[in-house]
Amino acid sequence: MHRDDLHSIFILVTENRQNYPVSITRSDCYKRKKFEVMKKNGKFPEYAERISIKEMLFTNSDQFEVPARAYTDLNIKVSGTPEIPKSLLFLLVTSHGYHELTCKDISVVDIGKVEVFGAEYKDEYNSKVAAKLAFYKKILKELINRFKRHRWTPQLNNKRLTQLKNFTKSFWFKPPGPSA
């Protein structure tokens with residue numbers, strides 16, 4: 001998915017495994033499907049899968065044709081930049097009939113936004129577990145360092161520092177240092 005400040009472009013890669021072309025006449029995209037269990041008075045419980053219009057991201061009536069034994073990218077431009085969940089549900093009406101497809105491999109690319117930063121480190125791991133452990137270890141270390149800097153580094157201006165020195169001189173305790 002590509003998006004800028006005003007529009008979003010959904011790019012759905014489809015594969016036709018048949019020996020003849022397939023046309024897509026309608027494509028709808030939803031955030032999720034809802035599952036219900038309901039018991040009406042005096043009846044047995046019922047199970048139902050529902051699709052709510054509140055969860056709809058877009059609907060498209062443009063026709064696409066997927067060639068025989070080939071891939072095609074469906075580019076669907078919609079206005080707005082919706083929040084994208086971890087998976088999307090696509091409902092396609094094709095020359096073969098009705099299809100429900102769940103897409104979990106979603107890449108969101110923000111177009112026109114540039115971020116410049118300096119990195120202190122970047123480590124790569126072959127394991128998700130090792131990466132998560134290293135991540136939490138570095139977060140903990142960063143929090144400890146920030147706490148130490150905040151707690152033990154006095155943020156004193158000259159007036160406050162002079163008041164602190166005068167207080168320690170007037171008190172019976174003398175600050176450590178060279179004696180005169």
For the stretch 5-44, the count of residues that are over 26 Å from Lys104 (Cβ atoms) and among the aromatic types (Phe, Trp, Tyr) equals 2
Determine which single condition His99 fails, assuming it passes every other condition in (1) loosely packed, with under 11 Cβ neighbours inside 10 Å; (2) over 23 Å from the mean Cα position of the chain (by Cα). (1)
Is it the case, given these coordinates, that Val37 is assigned by TED's automatic domain parsing to the domain that holds Pro67 and either in contact with a Lys or Arg (Cβ under 6 Å, 6 or more places away or on another chain) or within 19 Å of Ser87 (Cβ to Cβ) (or both)? no
Apart from one, (1) assigned to a loop (DSSP other than H, G, I, E, B); (2) exposed (fewer than 11 other Cβ atoms within 10 Å of the Cβ) all hold for Lys54; the odd one out is (1)
Here is a list of conditions, (1) part of a strand (DSSP E or B); (2) touching a residue at least 40 places away in the same chain (Cβ under 8 Å), and His99 meets all of them except one; can you say which number that is? (2)
Residues of the stretch 25-51 being of a type in the set (Lys, Arg), loosely packed, with under 10 Cβ neighbours inside 10 Å and in contact with a strand residue (DSSP E or B) (Cβ under 9 Å, 6 or more places away or on another chain), which ones? Lys39, Lys40, Arg50
Can you tell which of Gly97, Gly118, Gly80 is in contact with a Ser or Thr (Cβ under 8 Å, 6 or more places away or on another chain) and among the small types (Gly, Ala, Ser)? Gly80
Which pairs do you get when a residue that is within 7 Å of Leu89 (Cα to Cα), found in the stretch 21-35, comes within reach of a residue that is outside any strand (DSSP E or B), reach meaning Cβ atoms under 7 angstrom, with the pair 6+ apart or on two chains? Tyr30/Ile51; Tyr30/Glu55; Lys31/Glu55; Lys31/Pro85; Arg32/Glu55; Arg32/Pro85
For the stretch 84-116, enumerate the residues that are within 24 Å of Asn19 (Cβ to Cβ) and at pLDDT below 90. His96
Thr59 fails exactly one of the following numbered conditions: (1) farther than 14 Å from Leu74 by Cβ; (2) of a type outside the set (A, V, I, L, M, F, W, C); (3) free of Cβ contacts under 8 Å to residues at least 40 places away in the same chain. What is the number of that condition? (1)
Single condition Gly80 does not satisfy, out of (1) buried (at least 16 other Cβ atoms within 10 Å of the Cβ); (2) at pLDDT below 90: (1)
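The values are calculated or read from the model by the stated rules, or taken from the named source; none is laboratory data. In this text the structure is predicted, and so the values were computed from the model without any measurement. We place every Cβ from the backbone using ideal geometry, glycine too, and count neighbours over all the protein chains shown.
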